[in-house]
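Participant: Before we start, here is the structure in question, set down as structure tokens.
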Amino acid sequence: MATYKICDIGFAPDASHALHSMFKIMEGRAQASWVPATLDAADVLLANVTADPLALSAWSRSGKPVIFVIDERGSFPPAPFVLRHPVRVMQLLSMLDNVTEHLREPRRQATVAPEGTCAWRVAESLRAVAMHTVERGWNVAEDAEGAHVWVGGGHAHALPATLAALREGRLALGTFQPTTDWPAAGAERLPVRDLAWYVGLAGDESLAPWLDAGAAFRLRRWPDFGRLGARVELLELAAHAAARPCTPALLASGSGQPLATVNRFLAAASMAGLLVAVPRVEAVPVASTAAAPPARGWRRFVGDLRKHLGLVA
Amino acid sequence: MNDVAEGEFKIVFTGPMGAGKTTAIAAISEIDPVRTEVANNDRMSHEKASTTVGFDYGRITLPGGGVVRLYGTPGQPRFRFMWSIVGRGAAGAIVLLDATQPGALVQMDLFVDAFRPLVPEGALVVGVGRTTEDGALNSDTFASRLEARGILAPVLSVDVRRKADVMLLVQTLACILETQNGNAYA
């Protein structure tokens, strides 16, 4: 059994003590052994979302995983590993097993987008500033027509028309930059996790540079299509990615969607913290729903239902 | 009832009192829904004037002649005996919740636990209403709760008074069913 070192920051002493007790309770039950360590020695960081931004920023450059702990009613940050306070032992156990799977994957290097992939530069810049607190100042991105989106304190802020354009995929943002300006009067806010979803969907046709083309991915949680807005192809991809781990190629063949759409979906899910990479051995070929032979009643029936629901032209 | 070979297909809408089950069925049913409502004498649980005590029923006829039967369960736990009766043979279940209700998370657990065994694995969608109101839990909180329990089900913010939102719930369920059944043919 592997042993990983974990450091917790930003917690009150009693909460930190409770977390350490949980590590002991989980001994022998988790996929790996977890021992407390200093920040410098740790493999994984367990951080209160309000922890020292400088420490979080330094950690993010290490490329090692971080588990964020948010308040009971806090918005989820765009990160793959998030726990909500108060944390229960089984929740922590499940989360650490997910992190163990992540650590077993070949370490992905540099999350900096290659030059020329502007869409990924926007995504990378958002990933870098998404967790900044308002006290550290605002960051803003602008599109060619002068619309602005501010990010700070776990939320994105923009005028209603800009948010509508964002939701409809009509906003081509530049990279996020520090600003001394505050959001415009009348700006509305949305969780930065939702902004991350839209930025991911607006990404390049290629697989996001921080995702491994050889890895398999599964959804750990469905996107809230009621809040984010639904498109048929995204519903279908989510259904497939929720059912089993899939490589991008398998997801494309199984859903019948173009690889570019798959790549954008995976980027969006990853940016929004909804995606988990799993060891490729767990990925199983999926039957293409488009190519599946007609079964007695079912396929015809679902086909009719899809027509009724407007899921096909 | 869920005999697709015979062109029959059953979806169950469930959830606590006041979550909008009757409204949701009425939003997409092609017939005026059959209701079994009586005056609500449990005003402690919800202020609504009437509540379902048997089941609601609506219907959608598909282009190929198939029929989707929409059933709504009673929301009050004292009518729990009806849940397994109404849920038997369902192709999928849609759990509706009100995010402003005290104990909405516990209610979700109650209905998800009751209906998961009654439907094919994974064929369950959660719709949460009133998530934008003051003091309401957001949909992430519900999804997080399910995730912590090892349950992967869509949790969608909806307003069941809007037909498009109810259709989204059914569309999501249809995508899940199609994925499962497409895979079953492999």
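Participant: Report the equivalent ellipsoid semi-axes for region B:8-178 in whole Å, largest first, defined as the square roots of five times the eigenvalues of the gyration tensor built from alpha carbon atoms.
Facilitator: Square roots of five times the eigenvalues give 22, 19, 15 Å.
Participant: Let me see the pair-distance distribution of region A:3-104: every alpha carbon pair, 5 Å bin width, integer percents in order.
Facilitator: With 5 Å bins starting at 0, P(r) equals 2, 13, 26, 29, 20, 9, 1.
Participant: Let me ask something else. Where in region A:136-174 are there GluC sites (Glu not before Pro) that are in a DSSP coil and have at most 12 other Cβ atoms within 10 angstrom of their Cβ?
Facilitator: Hits after loop and neighbour filter: A:Glu145, A:Glu168.
Participant: Straight distance only, please: which lysines reach the Cα of A:Lys24 with their own Cα at less than 21 Å, same-chain residues fewer than 8 apart left out?
Facilitator: The reachable lysines, counting only those whose Cα sits under 21 Å from A:Lys24, are A:Lys5.
Participant: Let me ask something else about it. Tell me: how much accessible area in total is hidden between B and A, 1.4 Å probe, Å², nearest 100?
Facilitator: The B and A chains share an interface burying roughly 4100 Å².
Participant: Compute the length gained on full extension between A:Ala161 and A:Thr38: take 0.36 nm times their separation in residues and subtract their Cα-Cα distance, giving the result in nm to one decimal.
Facilitator: 39.6 nm
Participant: Give me the net charge of B:Glu147's neighbourhood, meaning all other residues with Cβ under 14 Å from the Cβ of B:Glu147; Lys, Arg count +1, Asp, Glu -1.
Facilitator: Combined, the nearby Lys, Arg, Asp and Glu give +3.
Participant: For A:Ala156, what is the net charge nearby, where nearby means another residue's Cβ is under 13 Å from its Cβ and Lys, Arg count +1, Asp, Glu -1?
Facilitator: Neighbour charge sum, excluding A:Ala156 itself: +1.
Participant: Could you tally the net charge around B:Ala90, taking each other residue with its Cβ under 10 Å from the Cβ of B:Ala90, Lys/Arg +1 and Asp/Glu -1?
Facilitator: So the surrounding residues net to +3.
Participant: Still on this structure, please answer the following. 7 Å from Cα along Cα→Cβ at both A:Asp97 and A:Ala55: what's the point-to-point distance in nm?
Facilitator: 2.9 nm
Participant: Which lysines have a Cα lying under 26 Å from the Cα of B:Lys163, excluding residues fewer than 8 positions away in the same chain?
Facilitator: Cα-Cα hits under 26 Å: A:Lys307, B:Lys10, B:Lys21, B:Lys48.
Participant: Could you give the accessible area per residue of region B:8-178, probe 1.4 Å, as a whole number in Å²?
Facilitator: About 37 Å² of surface per residue is accessible.
Participant: Please average, across the residues of B:97-105, the number of beta carbons from any other chain that are within 10 Å of each residue's own beta carbon, and give a whole number.
Facilitator: 0
Participant: In nm, to one decimal, how far is the B:Glu121 label point from the A:His85 one, both placed 7 Å along Cα→Cβ?
Facilitator: Distance between the two pseudo-spin positions: 3.7 nm.
The values are calculated or read from the model by the stated rules, or taken from the named source; none is laboratory data. The shown structure was predicted, so the numbers you read here are calculated from the model rather than taken from an experiment. For neighbour counting, all protein chains shown are included, and Cβ atoms are generated from backbone atoms with ideal geometry for every residue, glycine included. We work out accessible area using only protein heavy atoms, side chains counted, and drop any ligands, DNA or RNA first. Shrake-Rupley method; radii C 1.70, N 1.55, O 1.52, S 1.80 Å.
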